[in-house]
Amino acid sequence: MPRPIIIDTDPGIDDALAIMLAAASPEVEVIGITAVAGNVGLEKTAPNAAALADLLRLECPVGRGAAGPLWRRDTKPAWDVHGEDGFGGYALPVSGRELEAALPLMARLIEESPEPVTVVAIGPLTNVAGLITHYPEAARKVERFVIMGGGTLDRLGNMTPAAEFNIYYDPDAAAVLFDFAAQQAADGRAHAPVTMVGLNVTERALVGLQHLPDLVASGGPAAKMITHMMGNYHSEPSADGMAQHDSVALAAVLDPAIIETGHHHVDVENTGRLTSGMTVVDFAGYSGLKPNCDVALAVDLPRFRDLLNTRLSALDARLKEA
Ligand code: RIB
Ligand code: CA
């Protein structure tokens, strides 16, 4: 039985690969995609999410979420990494889908699903915070929140020395999620645990086209888009490729053994002059608070690269036939 997932996203080049990976994988069923402002503005992330759903023949609803952070007013899009359109200049046909309001959509999908829903949040957490605040009963029914965000002391930030983009963009929203998970842990409820896949892991998840030979050979619609985007994606570029941050979070849902995790208490600094957006992982238990998060500590890079190559090439073959 595939695991139902909602993908909350700010597409975004690495978001696009993660959504393709989900569409290509039998372990999950994408029951909804909700767009949030982040890499680029909502006026781009929402139509990008809809256009991707069309390309991937996903029949799930697409939601339009938050156009900016809860309170922070000094964050900017990541045009330098994803381009101003969010796909590095790759133009998909404009979707004709009607987008729904993201929060009631998320709540409805969670309440109506016959199986518990996993929320995979690969952008700023503004929509997730909205779900927790305005639909707390639905939020408590979430099987797990798997987020790409934050980091640990060996790699904390890519926006400041202390903060990763998704958390930095809306630290107050991230604090809502980790406070919610801390409350569930304190109440002894197993509900709504969080898996945090941070930079300490994702910056090691370097992928280049040399690691996707079967996809490149396939040459179909997914291959064309990914080849173009990989040439225009500027996140931690090196000879070994670029950091595929969001796909690691998605891969952890498909194949949990692809990452190693530790169970720790995590909170978010959202008022620091220099550290706003820092995820504070309490490895030593100083807080005395119960662990509220499974923190990704390592990734099996060959296994991750092979999963991407295998699944994306199979997806491409399917799209070519459609
Ligand atoms: O820091 C990396 C994260 O920020 C990824 O989700 C990327 O898409 C950007 O949103
Ligand atoms: Ca993202």
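Each value in this text was obtained by applying a stated rule to the coordinates, not by laboratory testing. Just so we're clear, the structure is a prediction, and the values are computed from it rather than from any experiment. Virtual Cβ from ideal backbone geometry, glycine too; neighbours counted across all protein chains shown.
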Hey, what did region 3-151 get for relative contact order, percent, Cα under 8 Å, at least 6 apart?
29 percent
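State the three equivalent ellipsoid semi-axes of region 204-259, derived from the C-alpha gyration tensor as the square roots of 5 times its eigenvalues, in descending order and whole Å. Don't skip to the answer; put the middle values down first.
Details: eigenvalues 76, 45, 20 Å².
Here the semi-axes work out to 20, 15, 10 Å.
For residue 238 and residue 43 in the same chain, what is the full-extension length gain: residue separation times 0.36 nm, less their Cα-Cα distance, in nm?
On the way: separation 195, 0.36 × 195 = 70.20 nm, distance 3.08 nm.
Stretched out fully, the residue 238 to residue 43 stretch lengthens by 67.1 nm.
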Considering amide H positions built from the backbone, and no H for Pro or chain starts, which residues 5 or more places from residue 272, or on another chain, come under 5 Å of its amide H?
277
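Which of 169, 135, 233, 286 has the fewest other C-beta atoms within 10 Å, and how do the rest follow up to the most?
On the way: 169 29, 135 18, 233 24, 286 9.
Lowest to highest Cβ neighbour count: 286, 135, 233, 169.
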Divide, for region 25-180, the radius of gyration over alpha carbons by 2.2 N^0.38 Å, where N is the residue count.
1.03
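Would you mind computing the Rg to Rh ratio of region 240-281 from its alpha-carbon coordinates, Kirkwood style for Rh?
On the way: Rg = 14.1 Å, Rh = 12.8 Å.
Rounded to two decimals, Rg/Rh equals 1.11.
For each of 247, 218, 238, count neighbouring Cβ atoms within 10 Å of the residue's Cβ, then give the residues from fewest to most. Numbers along the way, then the final one.
On the way: 247 30, 218 20, 238 10.
Going from least to most buried by this count: 238, 218, 247.
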What are the ³J(HN,Hα) couplings of region 100-111, residue after residue, when phi is run through the Karplus curve with 6.51, -1.76, 1.60 and θ = phi - 60°? Round to Hz, x for glycine and proline.
9, 5, 5, 5, x, 5, 4, 4, 5, 4, 5, 5
Wrap a convex hull around the Cα atoms of the chain, take a quarter of its surface area, and give that in square nanometres.
14.8 nm²
For the residues 258, 122, what sequence is obtained by ranking on other C-beta atoms within 10 Å, fewest first?
258, 122
